[in-house]
Amino acid sequence: MPGGPEGETDPAAGASAVPDPAFIDPAFIDPAFIAGVAAYRRHPYRRVDPSPPPVLWRQGEMRVLDYAPGGGRPVLFVPSLVNRAYILDLMPGGDGNGGAGLSILRDLAGRGVRPLLLDWGWPGEAERGLDCAGYVTQRLEPALEAVATRCGGPVSLAGYCMGGLLALAAAGRRPELVRALVLLATPWDFAASGTGGGGAEIATLLTRILAPYTGMMALTGTVPVDALQAAFAAIDPAGIVRKFREFGAGTRDAAQAALFVAMEDWLGDGVPLAAPVAVACIRDWYGANLPMRGQWQVGGRAVRPEALAMPVLVAVPERDRIVPPASARVLAGLIPGASVLSVAGGHVGMVAGPRARALLWERLGAWLLRHG
């Protein structure tokens, strides 16, 4: 830190800021990882949407995109607040090498479903004061009501990850607007152990990661994208090194390489998270496990899965590193008559992986046509 009036630096005080030599010693640099990152940056694939879906409805930065304006069974998809919504429409223009596109929404549109995507957009001034419950009552429910009005009656609701929790709460509060409910990789028991431990351990980890950003959160009302990236990286840091090493080895074919780039581009294309949402997630979900204890409230009412009286499908990815399968599976046991779909994939792979069509899309489409 600065010393006397001359602005000199106290060597002893600054010693702790000097990097450990091991950090900069070339012997400790992983050339395979660096080569993989360079190969990713050089790859020519970039997402192109040859037929952008029209906007059915908007409120501020939030939009509802219509992937089948001509009709079909309407289903409103609710993604997480943490990442961009287009993970559900990842490669609409194909892989750039003549390969087919990779989009669960466009695939379902071809099966007679009318997918409608809720794109949360960038959190504006109004959103920065909303917690998870506020996003349900002041954002999701108005969107659901508008979609039902435009579609002429109740619609199906499909929530992915955090979006599943929000969708479940909205379905319980506004059952007259929801024909059927789909919960994709949706957590409920936050004490369930997975990568990073159980809820208490994850709450501690997230709190430690976000601590340096508290000033920025207070100033902007959001959690910066860099902090969110650090939180996700902390789940499996060795996995990040491993995947880039493998990519740099050049063992993937053209389609696999393009998918890797598309996924990494999406992961890096984040948006800030409203600070009250982050606080609620850490404190109420991971810390206190309020959903599992029946104490998570939205609009002054506890969210009760056992009170749902509509067809419900719970899809559980068995290789999920973000939502432990046990956390999602317990939710199905609480919902009367819920159908459980076990998916042999991971959290993102189930909706946008190379085998997602066979693992999830086909079965989801069939279920929606029967119940939606």
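Laid out as a table, the results:
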{"item": "Set I240, I235: member being farther than 25 Å from A126 by Cα and at pLDDT below 85", "result": "I235"}
{"item": "From the options A288, A309, residue that is modelled with pLDDT under 95 and more than 19 Å from L102 (Cα to Cα)", "result": "A288"}
{"item": "Pairs with Cβ under 8 Å, 6+ apart, first in segment 232-248 and over 14 Å from A38 (Cα atoms), second exposed (fewer than 15 other Cβ atoms within 10 Å of the Cβ) and of a type outside the set (A, V, I, L, M)", "result": "I235/T195; D236/T195"}
{"item": "Matching option when the condition is in contact (Cβ under 8 Å) with a residue 60 or more places away in the chain, closer than 16 Å to A158 by Cβ and in a loop (DSSP other than H, G, I, E, B), among L76, L81", "result": "L81"}
{"item": "Which numbered condition P74 fails, given (1) more than 30 Å from L228 (Cβ to Cβ); (2) surrounded by fewer than 24 Cβ atoms within 10 Å (Cβ to Cβ)", "result": "(2)"}
{"item": "Pair list, Cβ < 8 Å and 6+ apart or interchain, from segment 113-126 residues that are more than 10 Å from M62 (Cβ to Cβ) to residues that are surrounded by fewer than 24 Cβ atoms within 10 Å (Cβ to Cβ) and of a type in the set (D, E)", "result": "R114/D66; L116/D66"}
{"item": "All positions within segment 151-188 that are in contact with a strand residue (DSSP E or B) (Cβ under 6 Å, 6 or more places away or on another chain), farther than 30 Å from R319 by Cβ and assigned to a helix (DSSP H, G or I)", "result": "C151"}
{"item": "Filter result (open to solvent by 10 Å² or more (accessible area, probe 1.4 Å) and either in contact with a helix residue (DSSP H, G or I) (Cβ under 6 Å, 6 or more places away or on another chain) or not basic (K, R) (or both)) within segment 160-173", "result": "Y160, C161, M162, G172"}
{"item": "Hits in segment 48-68 - residues which are touching a residue at least 40 places away in the same chain (Cβ under 8 Å), open to solvent by 50 Å² or more (accessible area, probe 1.4 Å) and touching a Pro at 6+ places or on another chain (Cβ under 9 Å)", "result": "V48, P50, S51, Q59, E61"}
{"item": "Residue list for segment 88-141, restricted to those being polar (S, T, N, Q) and surrounded by fewer than 20 Cβ atoms within 10 Å (Cβ to Cβ)", "result": "N97, T137, Q138"}
{"item": "Among (1) over 19 Å from the mean Cα position of the chain (by Cα); (2) outside any helix (DSSP H, G or I); (3) closer than 16 Å to L184 by Cβ, the one test that L108 misses", "result": "(2)"}
{"item": "Those residues of segment 189-206 which are within 26 Å of P305 (Cα to Cα), open to solvent by 30 Å² or more (accessible area, probe 1.4 Å), at pLDDT below 70 and not in a strand (DSSP E or B), in sequence order", "result": "S193, T195"}
{"item": "Residue match in segment 271-288 (condition: acidic (D, E), under 26 Å from V343 (Cβ atoms) and part of a helix (DSSP H, G or I))", "result": "no"}
{"item": "Subset of segment 317-355 that is under 18 Å from P291 (Cα atoms) and of a type outside the set (A, V, I, L, M, F, W, C) - its residue that is surrounded by the most Cβ atoms within 10 Å (Cβ to Cβ)", "result": "S327"}
{"item": "Residue in segment 32-53 that is modelled with pLDDT of 95 or more and under 18 Å from A158 (Cβ atoms) present", "result": "yes"}
{"item": "Selection from segment 277-316 of residues that are without any contact (Cβ under 8 Å) to a residue 12 or more places away in the chain and either surrounded by 23 or more Cβ atoms within 10 Å (Cβ to Cβ) or on the phi > 0 side of the Ramachandran plot (or both)", "result": "G294, G300"}
{"item": "Of the criteria (1) of a type outside the set (A, V, I, L, M); (2) within 30 Å of G121 (Cβ to Cβ); (3) in a loop (DSSP other than H, G, I, E, B), which one P336 fails", "result": "(2)"}
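The values are calculated or read from the model by the stated rules, or taken from the named source; none is laboratory data. What you see is a predicted model, and the numbers here were worked out from it, not measured in a lab. Every residue, glycine as well, gets a Cβ built from its backbone with ideal geometry; the counts of neighbours run over all protein chains shown. Surface accessibility is based on the protein's heavy atoms, side chains included, excluding ligands, DNA and RNA. Shrake-Rupley method; radii C 1.70, N 1.55, O 1.52, S 1.80 Å.
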